[in-house]
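Just below is one structure, and these are the notes that go with it.
The values are calculated or read from the model by the stated rules, or taken from the named source; none is laboratory data. Predicted model, so just to flag it, every value in this text is computed and none were measured. Cβ placement follows ideal geometry from the backbone for every residue including glycine, while neighbour counts extend to all protein chains displayed.
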Amino acid sequence: MEKYIERIKQVYPSLSVLDCQINEIGQNNDVIIVNGSIVFRFPKYQMGIDNLKKETEILEAINSNVSIPIPYPIYQSFENWEVGKAFVGYELIQGSPLWKASFGRIKNEEVLNRLASQLVRFLIEIHSISKKTLPLEETNPREQMVNLYLRIQNKLFPFMREESQRQISSSFETFLYSKTCLNLNTTLIHGDFGATNILWNPDTYNISGIIDFGGSGIGDPAYDFAGILSSYGEEFFNMCLNLYPNGTEIAERVKFYRSTFALQEALHGVENDDVEAFENGIKAFR
């Protein structure tokens, strides 16, 4: 942590650092909180610097278009693209992650409807932002899934039982050759819209912030609903889907994307020598 504080002071000598603490050891970034009010994120991998720069540009572009607070990168350093040197900093957004356990204790239907409405409104807002206003290249979600499938076959299949291999192959091939997959309309997506990145106020039962746009880019809007399904279950997912324009049309794609999450975690582990991520992701397929 000391090296990060030194780097912040080097770039922003006028910033008085009175105290700091590690907030979390993330999969892609080390996160520290300075003075209890400023969040700094330092990428752990070289590729993460590229992603953080892209994320910063997205946040700057969409800040005025959303109804829920999101990080705004007040502090940033990309002069030196080295791990431990590049960073961004923004004011801490108040709230706690809406963990599955906390969500499960909410029994009031009115509260659940309000939370669903707030989340879906946010997704509609970002999915509606003109792609022309964003510093992003067009992508092809089908090609991305083809690439993911090939990486899974090459890097994960050797660790899996044959039954898992067959199930994964069937799932991917059904998705890749479906009519909807061949004719997708892409939008800006959050890319990791789950419990870790959805903040709420447990006293008022309102969503208070959306964080970590590291996975944001041009993609299939259905992907964002996969995070909701994974975090909060099918009943709440259906509630959200009913509030989204033509929501029923994306349901099957959402469920496919949800089925890839553990595989993506295992791949991250293999590709970045993260043993814990690999074991967590692969355990259901051994």
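Return yes or no: is residue 150 within 25 Å of residue 262 (Cβ to Cβ), in a helix (DSSP H, G or I) and within 16 Å of the chain's Cα centre (by Cα)?
So residue 150 fails the test.
Would you be able to say whether some residue in segment 59-73 is at pLDDT below 90 and touching a Leu at 6+ places or on another chain (Cβ under 9 Å)?
So far as segment 59-73 goes, no, none of its residues is at pLDDT below 90 and touching a Leu at 6+ places or on another chain (Cβ under 9 Å).
Hey, could you check segment 104-138 for residues that are surrounded by 14 or more Cβ atoms within 10 Å (Cβ to Cβ) and β-branched (Val, Ile, Thr) and say which is nearest to residue 226 (Cα to Cα)?
Per the criteria, the residue is 120.
Answer yes or no: is there a residue in segment 216-233 that is surrounded by fewer than 21 Cβ atoms within 10 Å (Cβ to Cβ) and more than 22 Å from residue 262 (Cβ to Cβ).
yes
So, in segment 66-95, how many residues would count as being touching a residue at least 60 places away in the same chain (Cβ under 8 Å) and within 22 Å of residue 123 (Cα to Cα)?
8
Consider residue 49 carefully, then state whether it is under 17 Å from the mean Cα position of the chain (by Cα) and modelled with pLDDT under 95.
yes
Any idea which of 28, 35, 23 is surrounded by 14 or more Cβ atoms within 10 Å (Cβ to Cβ) and farther than 25 Å from residue 136 by Cα?
That would be 23, the only listed residue that is surrounded by 14 or more Cβ atoms within 10 Å (Cβ to Cβ) and farther than 25 Å from residue 136 by Cα.
What tally of residues in segment 241-250 results from selecting those that are surrounded by 15 or more Cβ atoms within 10 Å (Cβ to Cβ) and either farther than 15 Å from residue 122 by Cα or touching a Lys or Arg at 6+ places or on another chain (Cβ under 9 Å) (or both)?
Qualifying residue count, segment 241-250: 2.
Can you tell me which residue in segment 153-190 is farthest from the chain's Cα centre (by Cα), limited to those that are exposed (fewer than 12 other Cβ atoms within 10 Å of the Cβ) and closer than 30 Å to residue 125 by Cβ?
179
Considering only residues of segment 39-82 that are polar (S, T, N, Q) and within 12 Å of residue 216 (Cβ to Cβ), which is surrounded by the fewest Cβ atoms within 10 Å (Cβ to Cβ)?
It comes out as 51.
Taking the criterion of being touching a helix residue (DSSP H, G or I) at 6+ places or on another chain (Cβ under 7 Å), modelled with pLDDT of 95 or more, within 28 Å of residue 57 (Cα to Cα) and of a type in the set (Ser, Thr, Tyr), would at least one residue in segment 213-220 satisfy it?
Looking through segment 213-220, none of the residues is touching a helix residue (DSSP H, G or I) at 6+ places or on another chain (Cβ under 7 Å), modelled with pLDDT of 95 or more, within 28 Å of residue 57 (Cα to Cα) and of a type in the set (Ser, Thr, Tyr).
Looking only at segment 106-139, filter to residues that are among the aliphatic types (A, V, I, L, M) and in contact with a His (Cβ under 9 Å, 6 or more places away or on another chain); which one of those is farthest from residue 206 (Cα to Cα)?
It comes out as 126.
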